[in-house]
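Computed from the coordinates by the stated procedures, all read-outs in this text should not be read as laboratory data. Just so it is clear, the structure is predicted and the values come from calculations on it, not from any experiment. Here Cβ is always computed from backbone atoms with ideal geometry, including for glycine, and neighbour counts include all displayed protein chains.
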Amino acid sequence: MALETTFVMIKPDAVQRGLVGAIVQRFEQKGLKIKAMRLEMPNPATIEKHYEVHKARPFYPGLVKYMTSGPVVPMMVEGESAIAVSRALMGATNPVAGKPGEIRFDFGQHIGRNIIHGSDSAETAAFELGLWFPKGGAQYKRAGDEFLFE
Ligand code: IDP
Ligand code: MG
């Protein structure tokens, strides 16, 4: 087993549209374990650090404006291959380029309002988890795990 921890964030458009419950449900239904989650107005400096790799891109100013426009829901998520599995649950960056069943396809229409973020590699996950959850997540044994993992 490759148990991984990844960083997922429900973006301001999804919070404002009342989609938090529906999105969290996708992760819970898959069996991914939520180890930390909160709702907050993001600190602009944290958003800038989070998206630092995109600083030179033409969409960067609009991205920072969008991501600081309202509350976000950062989450720490654990599971088998959790990084790739979370990205698969989210789907394509452009919501209309993906397929039904993907969170972005099911809930969005525009690349500039694409509902959710997820780390794209182990290195990115470590960086983003450190940025958003410096104190780590909850350590707990989840009832029912023996029915999820052999
Ligand atoms: P990802 O979120 O699927 O990993 P990235 O290419 O890393 O996609 O882009 C980061 C975020 O920047 C996207 O999720 C989206 O919010 C935003 N973004 C990317 N490309 C565009 C664009 O062409 N227009 C507007 N926003 C964009
Ligand atoms: Mg990315």
Discussion item. How large is the translational diffusion coefficient of the chain in µm² per second when you combine the Kirkwood radius over alpha carbon pairs with Stokes-Einstein at 20 °C and 1.002 mPa s?
Written reply: 136
Worksheet entry | Between 0 and 90°, nearest 10: helix 122-132 axis offset from the chain longest Cα axis | 70
Response to the item:
The helix 20-30 Cα axis meets the longest alpha-carbon principal axis of the chain at an angle in degrees, between 0 and 90 and rounded to 10, of 40
Item to complete: Enter the per residue convex hull volume of the range 3-53, computed from alpha-carbon coordinates, in Å³ rounded to the nearest integer.
Response: 104
Worksheet item: Counting trypsin sites (Lys or Arg not before Pro) as exposed when in a DSSP loop with at most 15 other beta carbons within 10 Å, what is the longest stretch of the chain free of them?
Response: 56-134
Worksheet, complete the sentence: Expressed as a whole-number percentage, the relative contact order of the chain with C-alpha contacts under 8 angstrom and at least six residues apart is 34
Discussion item. Please list, in order, the residues from the range 71-107 whose amide nitrogen is less than 20 Å from a point placed 7 Å along the Cα→Cβ vector of residue 46.
Written reply: 71-78
Worksheet item: Which FRET efficiency, nearest 0.05, do residue 65 and residue 25 yield, Cβ-Cβ r, R0 25 Å?
Response: 0.30
Response to the item:
Within the range 1-64, DSSP-loop GluC sites (Glu not before Pro) with at most 13 other C-beta atoms within 10 Å are none
Practice prompt. Mind putting a number on the dipole of the chain about its Cα centre? Charges go on the C-beta only, +1 for Lys and Arg and -1 for Asp and Glu, and I need it in Debye to the nearest 20.
Written response: 480
Worksheet entry | Shape parameters for the range 91-132, alpha-carbon atoms, Rg then Dmax in Å | 11.9, 32
Worksheet item: Across all directions of projection, what mean area in square nanometres is found for the Cα convex hull of the range 23-112?
Response: 6.3
Worksheet item: Fully extended, how many nm does the chain gain between residue 92 and residue 147 (0.36 nm per residue separation, minus their Cα-Cα distance)?
Response: 16.8 nm
